[in-house]
Structure formats: C-alpha cells, structure tokens
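Novice: The structure's right below; bear with me while I get my questions together.
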Amino acid sequence: MRLSRYFLPVLKEDPKEAQIVSHRLMLRAGMIKQQTAGIYSWLPLGFKVLRRIEQIVHEEQARAGHIPMLMPTLQPADLWRESGRYDDYGEEMLRIKDRNKRDLLYGPTNEEMITDIFRSHVGSYKDLPLTLYHIQWKFRDEIRPRFGVMRGREFLMKDGYNFDLTKEDALHAYNRHLVSYLRSYERMGLQAIPMRADGGPIGGDYTHEFLVLAETGESEVFYDSQITDLTFGDRDIDYDSVEECQAVLEEFTSRYARTDETHDEAVYAQVPEERRRTARGIEVGQIFYFGTKYSEPMGAMVRNSDGAQVPVHMGSHGIGVSRLLGAIIEANHDDKGIIWPEGVTPFHVGIVNLKQGDNSTDAACDAIYAELQARGLDPLYDDRDERAGAKFASMDLIGLPWRITVGPRGLTSNKVELTSRRTGQTEEVSPQEAIARIA
Ligand code: ATP
Ligand code: MG
Ligand code: MG
Ligand code: MG
C-alpha cells in the first residue's frame, strides 16, 4: 500500500476522551472512530489488525477441529424465553421490536441459538463430538463503556460451543479449547494466563478466564509468579488425545492464579511468600463447561448407544477479538506509539522515502516495494511529500515491526537503513539484505 493513496487519518494531538494508552494510540493512529458511546467504526488500519486477529483465531480453531459458521446478530426473544434468560439478562440486553411488534434482541452471546440449531439437526450420539463456532458482533449495553474497544457496547467475539455425549467428553472439549486459546494468544504476542473464574449460578470448577497482565486491566489478579514462566511455544499437540490436552490443562492451571472474584486468601497463603503477586489483568477470553444447562430446558437430546434420549453436555468458549487490539497495545507500546507483534501487525514493514520526487530514490523505493510484495509481504510505502521527521513519527506511531529508510546519500553506496521498531536499532545494509532479513 502506498500511503499517499491510503486512508490513515493520524491525529497529532492526544485525544482528551482517552484515559488509557491503547485507546489513545488507536485514535491517534487512525484505527478507530467512535460513533457513539461504545460503538466504533474500524478505519482501514484498525480493520486490518482486526482481520489478522480473526485469522489467527480461525487457524487455531481449525487446528483443534472446530467448525466455523455464522449466526446472525439479531435473535428472536422466544429462544431466550425457552432458556429463561430473556428475563434474567437484565439491562445489558438490547431489546428491539420489529414492524410486526415481535420481540428481537441484538445477541450478547449465542448459547440459545446454537442449541436451537443443534436440536433441529442432530439426533444421534454418532454425530458427536461436535464443536461449532463463529466470529460475530455482539451487543451488550454496558453501564460504563470505556477504554475504547476494550469495553465497547458493540464488540467482536469468537464464541464456540461444544456438544458431547458425556461429561468426560465435554471436559475434553474444554481442555482442547484451553490448548487452542493458549496457542492463539501466544501467536498474537500475548501472554494470557488461565485463571480460575467464578462459575456464577451454575457453580463448579469448570471455567477459566484468560488474563493479560496490564496496569489498566479491570480485574484484580493474584498469582504464583511461576505461572508467568510457562509458555506453550511450538508444541505439537494431538487435539484428539485426552491425555495430551489434560496434561496441558494441568500444567497451566496447577499454580495459583485467580481474579478477585474467586480469590481465596487461605489457599493463596500456601504459595511461598516470595512468589505471591498481585496485579491487574485484562480478560481476553473465557471457557466454560455447563453441562445440560441449555440442552435440558431447550430439548437438545441425542440417542445414546442404548437408544435412550439424553440431553447433550455443552460448554461455551469466548475470545474477545476486538478487545484484543486494546490488550495487545497495552502490552506492546512505548512513548512513541504502538509496537506490533509480528503475528498481528497491519503491515509487515514500512518504507520511508527521504527524498520523494528524486528519481533514483523513488526508483529504489519502488523496487524494494515490488520485491517485498513479490515475496508475499505487505509493505506500507510512505511516498508522501513530507519531512523525514513527520514520516518517522507516523511510522513509530503505527508501530510496524520494521522500517526501511531510503535516501539519496545511502544509495550512492547501495545502502538503506533497516530499523527494528522494538529495539530501535538501525543497521546500514543493501536493499537486498534488508528484504532478506524481513522476509
Ligand atoms: P467482562 O468481565 O470484561 O465484562 P465478560 O466476562 O462479561 O467480560 P464473556 O461473556 O466471558 O465476557 O465474553 C467473552 C469475551 O468477550 C470476554 O472474555 C472479553 O474478552 C470479551 N468481552 C466481553 N465483554 C466485552 C465488551 N463489552 N467489549 C469488548 N469485549 C468484551
Ligand atoms: Mg461483562
Ligand atoms: Mg468477566
Ligand atoms: Mg467472562
């Protein structure tokens, strides 16, 4: 993409409405525009990152054997009357009437709808296990939408639902989700710690939230510092193996890690004092096993091998796709701007032309741009007629991992500058070498 033809409305001044750094940087980098409280347009740069995060989620869900689909944003109230949640959900639910006075709602989540789909089409244990998911906009009329996309009212969520014959099978699905989530967050350059969460009215131990440690997080968290040494890395996991998935769950959840909702001083006191940590965290996902909570009232039954009708065991599993942009920036920035992890960066590299209009500099930039694209990379070429300082400031703000700076002086000895956004280190190398280093 050539910047002169792109739409990147960067702001010079810090917007007053932004209380936290990720919100400020997303507005300044021209990624989002608020339309009304908690509702945002995704401008091209923000939209690109959103799509990259979605792509990682899709790839990791596919690896775990989960099946993508798409349910609508608007749902009939009647489905929610069946589960009893239409009245229970309260003011967070946006309720709408259509021209025929039928009650609709903008979905805050999809347990009821997916259960309806399941009961319409699945009748035998032979069709299990099954895990379906989608990435779709949700609406929750939050009392206090704030921090930009971190707590929006309209937000993008990946929500997946498993259907299994037995509790054991459903717990395997739970573990499989835990593994796939660990991989997903790491690919986004994040450490998200599974923490024991509150099962709510259903109770039980079978829910974990994934938290990214950040000062601006809304949850207070308590953990054993050993948990932050764990990384999932490049392990090759067989998602069908009950033992392998269970072992990952045990490894990542055996140390103390809880939010304020489940924190227990007595248990925490057993962690050696020098390893006890209190911090703040951002919830970027949650997994849940809830058994037959929806299948029973909504009649989602299957025939088991004895021919008996039994309700399916279910769980639901969410990733806060749009919230992740905020969380990633909270964890990856400096005073000049964003520092995108390679896995989610909107462009792989920026090219800065120091003397736009100079024939040989323009030609060198064009050649680098073309070669990067030929290698399957997505460069952003700053071909505007601007001062070098302004170009550098924009590149630092939008945070691409690499910058190639091309000027007439360096070109006389076939050199360009290759700068890492994260370390700030610059090297003088030939254009070919710069390209090879990034590719
Ligand atoms: P929170 O505690 O932050 O209100 P939640 O527990 O209500 O979140 P879940 O129902 O667990 O949310 O939804 C799954 C994921 O969706 C959350 O882990 C979070 O990452 C994301 N999410 C929830 N509410 C919002 C929101 N208002 N804006 C952006 N993302 C959200
Ligand atoms: Mg909530
Ligand atoms: Mg929560
Ligand atoms: Mg939650």
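Novice: Which of the numbered conditions does PHE147 fail, given that it passes all the others? Conditions: (1) on the phi > 0 side of the Ramachandran plot; (2) away from ligand 2 (no atom under 16 Å from the Cβ); (3) not aliphatic (A, V, I, L, M).
Specialist: Here PHE147 meets the rest and fails (2).
Novice: Hey, among the residues in the stretch 216-228 that are within 16 Å of ligand 1 (Cβ to nearest atom) and part of a strand (DSSP E or B), which one's surrounded by the fewest Cβ atoms within 10 Å (Cβ to Cβ)? Before the answer, list the steps.
Specialist: First, pick out the residues of the stretch 216-228 that are within 16 Å of ligand 1 (Cβ to nearest atom): 216-221.
Those left that are additionally part of a strand (DSSP E or B): 219-221.
Working: SER219: 17, GLU220: 14, VAL221: 22.
So the residue we want is GLU220.
A quick yes/no check of all residues on (1) of a type in the set (Ser, Thr, Tyr); (2) over 30 Å from PRO346 (Cβ atoms); (3) within 16 Å of ligand 2 (Cβ to nearest atom):
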residue: ALA64; (1), (2), (3): no, no, no
residue: MET69; (1), (2), (3): no, no, no
residue: LEU74; (1), (2), (3): no, yes, no
residue: ARG81; (1), (2), (3): no, yes, no
residue: LYS97; (1), (2), (3): no, yes, no
residue: TYR106; (1), (2), (3): yes, no, yes
residue: ARG119; (1), (2), (3): no, yes, no
residue: HIS134; (1), (2), (3): no, no, no
residue: ILE143; (1), (2), (3): no, yes, yes
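Novice: Of everything in the stretch 35-86, what is among the hydroxyl-bearing types (Ser, Thr, Tyr) and farther than 16 Å from ILE135 by Cα? Give them in sequence order.
Specialist: Going residue by residue through the stretch 35-86, those that are among the hydroxyl-bearing types (Ser, Thr, Tyr) are 36, 40-41, 73, 83, 86.
Scanning the stretch 35-86 gives THR36, TYR40, SER41, SER83, TYR86.
Conditions tested, residue by residue: (1) surrounded by 18 or more Cβ atoms within 10 Å (Cβ to Cβ); (2) closer than 20 Å to VAL310 by Cα; (3) within 16 Å of ligand 1 (Cβ to nearest atom); (4) more than 19 Å from the chain's Cα centre (by Cα).
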site	(1), (2), (3), (4)
LYS97	no, no, no, yes
ASP103	no, no, no, yes
GLU111	yes, yes, yes, yes
TYR125	yes, yes, no, yes
TYR133	yes, no, yes, no
ARG140	yes, no, yes, no
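Novice: Can you go through THR278, THR231 and tell me which one is within 23 Å of the chain's Cα centre (by Cα), surrounded by fewer than 14 Cβ atoms within 10 Å (Cβ to Cβ) and not in a helix (DSSP H, G or I)?
Specialist: On the way: THR278 fails: within 23 Å of the chain's Cα centre (by Cα).
Exactly one residue qualifies, and that residue is THR231.
Here is a yes/no grid of residues against (1) within 16 Å of ligand 4 (Cβ to nearest atom); (2) more than 27 Å from GLU59 (Cβ to Cβ):
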{"residue": "THR216", "(1), (2)": "no, yes"}
{"residue": "TYR223", "(1), (2)": "no, yes"}
{"residue": "ASP234", "(1), (2)": "no, no"}
{"residue": "THR262", "(1), (2)": "yes, yes"}
{"residue": "ALA269", "(1), (2)": "no, yes"}
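Novice: Right, another one. Can you tell me which of SER295, SER316 is within 16 Å of ligand 4 (Cβ to nearest atom) and either among the acidic types (Asp, Glu) or farther than 30 Å from GLU433 by Cα (or both)? Can you show your working first?
Specialist: Working: SER295 fails: within 16 Å of ligand 4 (Cβ to nearest atom).
Only one candidate passes the filter, namely SER316.
Novice: Something else: Mind checking which helices (runs of 4 or more DSSP H) fall wholly inside the stretch 84-203 and carry at least 2 residues that are at pLDDT below 95?
Specialist: It comes to 85-88.
The values are calculated or read from the model by the stated rules, or taken from the named source; none is laboratory data. Source: prediction; values computed, not measured. All Cβ positions, even for glycine, are placed from backbone atoms using ideal geometry, and neighbour counts span all protein chains on display.
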